[in-house]
Amino acid sequence: QLTPSSFLRIGQLSNVDLNEEIHELETELPRQRPNEIPHNEKLLSLKYESLDYDNSENQLFLEEERRINHAAFRTVEIKRWVICAMIGILTGLVACFIDIVVENLAGLKYRVVKDNIDKFTAKGGLSFSLLLWATLNASVVMVGSVIVAFVEPVAAGSGIPQIKCYLNGVKIPHVVRLKTLVIKVCGVILSVVGGLAVGKEGPMIHSGAVIAAGISQGRSTSLKRDFKIFEYFRRDTEKRDFVSAGAAAGVSAAFGAPVGGVLFSLEEGASFWNQFLTWRIFFASMISTFTLNSVLSVYHGNAWDLSSPGLINFGRFDSEKMGYTIQEIPIFIFMGVVGGILGALFNALNYWLTMFRIRYIHRPCLQVVEAMLVAAVTATVGFVMIYCSRDCQPIQGSSVAYPLQLFCADGEYNSMATAFFNTPEKSVVNLFHDPPGSYNPMTLGLFTLMYFFLACWTYGLTVSAGVFIPSLLIGAAWGRLFGISLSYLTKGSIWADPGKYALMGAAAQLGGIVRMTLSLTVIMMEATGNVTYGFPIMLVLMTAKIVGDYFVEGLYDMHIQLQSVPFLHWEAPVTSHSLTAREVMSTPVTCLRRIERVGTVVDILSDTSSNHNGFPVVESNPDTTQVAGLRGLILRSQLIVLLKHKVFVERANLSLVQRRLKLKDFRDAYPRFPPIQSIHVSQDERECMIDLSEFMNPSPYTVPQEASLPRVFKLFRALGLRHLVVVDNRNEVVGMVTRKDLARYRLGKEGLEELSLAQT
């Protein structure tokens, strides 16, 4: 069981951001002796709020919907398609930008280092070349790490766990801001150029999601500009659907795999789905691939042939010489098992490392130092491996971009250098397509070993970086090694082609680390342009997933759990039928009366100890014989807008004469509603009354207290609720179920376990 026995101090968990590290508040509070809590993955953070995926059907909403006729609905539908097209175009352009900048900067760096090495090989003093390479790497990575650690910590890592949480309904601070996008793009360029063991594919998904969230709202809060378009989409439900389209567009720009993008969004990302969405998302993905393709074709100078569909193109595999026979199926399954075991090992190591980082490396300056250290070590390892390698290959007929000669004879190059002295994407393609005999088995073995640990150490640094390409590279290296040894055993028979096994190894390794099945099969098929391998790739991925799941969770789920996010899976824990809503719900509930004093409302909202977001509204005159039954539900954000616009009257029997609020007033305040502290209410105003009847949602979802946990869970999860009111048989409010109450129960090793809640 992966629980380090050492203990965590709660003081070091002061402010958990959903990036891979933890940032302490700059102003250090005087430390009390913190009570010790065992390893933090048994915690659930109370810091994350839920998103409202359930529309509040109050009178304003119903009036507006009744005013909209059929033609207006059609306009809304057309706007949705327009937004999807814009998402596709912009995501494609961002991918182009990243690709072109990385190509030029990395090319420059490798040319400088190569000239330097060639110069010093002749006259001795190669240690200077090593110093140059390591310094270049560390300085570039330092810039990339500084902007992430100090400007926008959410931009660290690949961003896939964050988007997954967002689509599940957890509000992660700053995750879809413009600032995050800028830092993400700059950070990923710098970390790839800095020679870290990272890919630029994962961050594309996050970038696509940010673009989608920004366009669909028709305004930017960072730039303080409101374009007054797409106002209808200013609510969480609509935004969520566009964000899943953005994630799909990101995948298809990264791999040139539109269908793979849709399936990725369906399998890994979205928690809510419908059929209309599928076609729109596919449209966005196609547009994104096409944009990237046409811009890159123009950039490479052949404007009319659309030859570069994705950021990474695995190159075409020829079907004639690359078929597979029936006796290879067991071999593929065995490779899947190896991939699953190695993936589980990778995840376990990364888990311990992340725990260590959460505990000790939580200050931004330490994180930057760690990133620089990793960059320097990566360069040093690469240099030492190239220096010690005696694997020389003839230059004739090989397509090496930066051939390093080092100690080889004239007309030969060092083959270890093709693996290390290149961006990871290029190395993957080389491993897939170089002719048999281009690599020494020793070279591949050492490379796999080293790169495995480097990639594991790199994931979770405070830099923007994806884990896709490094996993593919590790897998391709050991797959090719496997293919070479097979052809050695079978005396070089035709079917044991190393390139084919490199492809299978890459799939097995990536499947073992992130545990994607369907989407990854399709992505690999689309990226290699070959359907022949559909079945073997599927087998390999299935085996890798089954074997990996036996040991430890997938990498993304593991990081979600380490951040103590209240994530709701598809089903309630299997053994939870014994629990009922009465045991799960939170009590007591703060209720409001239908006609309430303004002072009471302000006090309830200002109370920091409770900090609730939804308040049941009950009947206002409890003195008569009737019961104070549930009448509706009103949200904190709605109350704040009411107070801000001062919608109240002096005495309860006066009718409201001021301008009536429109739904637009609520939409304009979305998504950053002002805090209650910023709203000033005078002493006289506190005595006024506020009538909530037309603003509350008169038909909130309720459950009786006897409902079992799986039933409550299904209702909550399928409708994307934020609050579920628990009532007794007289329709009086007895409790409230929120996301935290349901996410607390998890299936552990010994059965059902309940996580403790922490304010961190």
Lone unmet requirement of (1) touching a residue at least 60 places away in the same chain (Cβ under 8 Å); (2) open to solvent by 50 Å² or more (accessible area, probe 1.4 Å) for LEU108: (1)
In segment 342-355, residue most open to solvent (accessible area, probe 1.4 Å) [restricted to those that are within 9 Å of VAL552 (Cα to Cα) and of a type in the set (A, V, I, L, M)]: LEU345
Odd one out for GLY339, checked against (1) part of a helix (DSSP H, G or I); (2) surrounded by fewer than 16 Cβ atoms within 10 Å (Cβ to Cβ): (2)
Conditions (1) surrounded by fewer than 20 Cβ atoms within 10 Å (Cβ to Cβ); (2) touching a residue at least 60 places away in the same chain (Cβ under 8 Å); number of the one not met by LEU223: (2)
All positions within segment 728-740 that are more than 22 Å from ARG240 (Cβ to Cβ) and surrounded by 19 or more Cβ atoms within 10 Å (Cβ to Cβ): VAL733, GLY735, MET736
Hits in segment 226-239 - residues which are open to solvent by 30 Å² or more (accessible area, probe 1.4 Å) and at negative phi: ASP226, PHE227, ILE229, GLU231, TYR232, ARG235
Residue list for segment 622-680, filter: modelled with pLDDT under 75 and small (Gly, Ala, Ser): ALA628, ALA652, SER655
Considering residues of segment 741-756 that are buried (at least 16 other Cβ atoms within 10 Å of the Cβ) and closer than 22 Å to LEU167 by Cα only, the residue modelled with the lowest pLDDT: ARG746
Among (1) closer than 30 Å to GLY614 by Cα; (2) surrounded by fewer than 16 Cβ atoms within 10 Å (Cβ to Cβ) - the single one ALA71 does not satisfy: (1)
Tally, over segment 734-758, of residues that are over 10 Å from VAL584 (Cα atoms) and either without any contact (Cβ under 8 Å) to a residue 60 or more places away in the chain or acidic (Asp, Glu) (or both): 4
Odd one out for ARG359 among (1) outside the structural domain of ASP434 (by the TED database); (2) surrounded by 14 or more Cβ atoms within 10 Å (Cβ to Cβ); (3) of a type in the set (Lys, Arg): (1)
In segment 695-726, the residues that are closer than 30 Å to LYS646 by Cβ and among the aliphatic types (A, V, I, L, M): MET696, VAL725
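Per-residue answers, yes or no, for (1) in contact with a Ser or Thr (Cβ under 8 Å, 6 or more places away or on another chain); (2) of a type outside the set (S, T, N, Q); (3) without any contact (Cβ under 8 Å) to a residue 60 or more places away in the chain:
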position	(1), (2), (3)
VAL298	no, yes, yes
ASP305	yes, yes, yes
LEU311	no, yes, no
VAL337	yes, yes, no
PHE356	no, yes, yes
ARG359	no, yes, no
GLN367	yes, no, no
Options LYS200, LYS184, LYS171: the member that is in contact (Cβ under 8 Å) with a residue 40 or more places away in the chain, open to solvent by 20 Å² or more (accessible area, probe 1.4 Å) and over 26 Å from THR75 (Cβ atoms): LYS171
Of all residues in segment 115-153 being in contact with a His (Cβ under 9 Å, 6 or more places away or on another chain) and modelled with pLDDT under 90, the one that is least open to solvent (accessible area, probe 1.4 Å): GLU152
Test result for THR543, buried (at least 21 other Cβ atoms within 10 Å of the Cβ) and part of a helix (DSSP H, G or I): yes
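Condition check ((1) of a type outside the set (A, V, I, L, M); (2) over 30 Å from SER294 (Cα atoms)) across all residues:
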position: TYR48; (1), (2): yes, yes
position: ASP54; (1), (2): yes, yes
position: GLU57; (1), (2): yes, yes
position: LEU62; (1), (2): no, yes
position: GLU65; (1), (2): yes, yes
position: ILE68; (1), (2): no, yes
position: ARG74; (1), (2): yes, yes
position: ILE87; (1), (2): no, no
Residues satisfying the stated conditions in segment 543-595, i.e. β-branched (Val, Ile, Thr) and either in contact with a Cys (Cβ under 7 Å, 6 or more places away or on another chain) or without any contact (Cβ under 8 Å) to a residue 60 or more places away in the chain (or both): ILE560, VAL565, THR590
Filter result for the condition that a residue is under 30 Å from ALA149 (Cα atoms) and out of contact with any Leu (no Cβ under 7 Å at 6 or more places or on another chain), over MET504, MET516, MET525: MET516
Per-region count, segment 554-592, residues closer than 18 Å to SER45 by Cβ and in a loop (DSSP other than H, G, I, E, B): 7
Count of segment 713-724 residues which are surrounded by fewer than 21 Cβ atoms within 10 Å (Cβ to Cβ), touching a residue at least 60 places away in the same chain (Cβ under 8 Å) and not in a loop (DSSP other than H, G, I, E, B): 3
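The values are calculated or read from the model by the stated rules, or taken from the named source; none is laboratory data. Just so we're clear, the structure is a prediction, and the values are computed from it rather than from any experiment. Methodologically, a virtual Cβ is constructed for each residue, glycine included, from the backbone with ideal geometry; neighbour enumeration extends over all protein chains shown. Ligands, DNA and RNA are stripped out before the accessible areas are found, and what is left, the full protein with its side chains, is counted by its heavy atoms. Shrake-Rupley method; radii C 1.70, N 1.55, O 1.52, S 1.80 Å.
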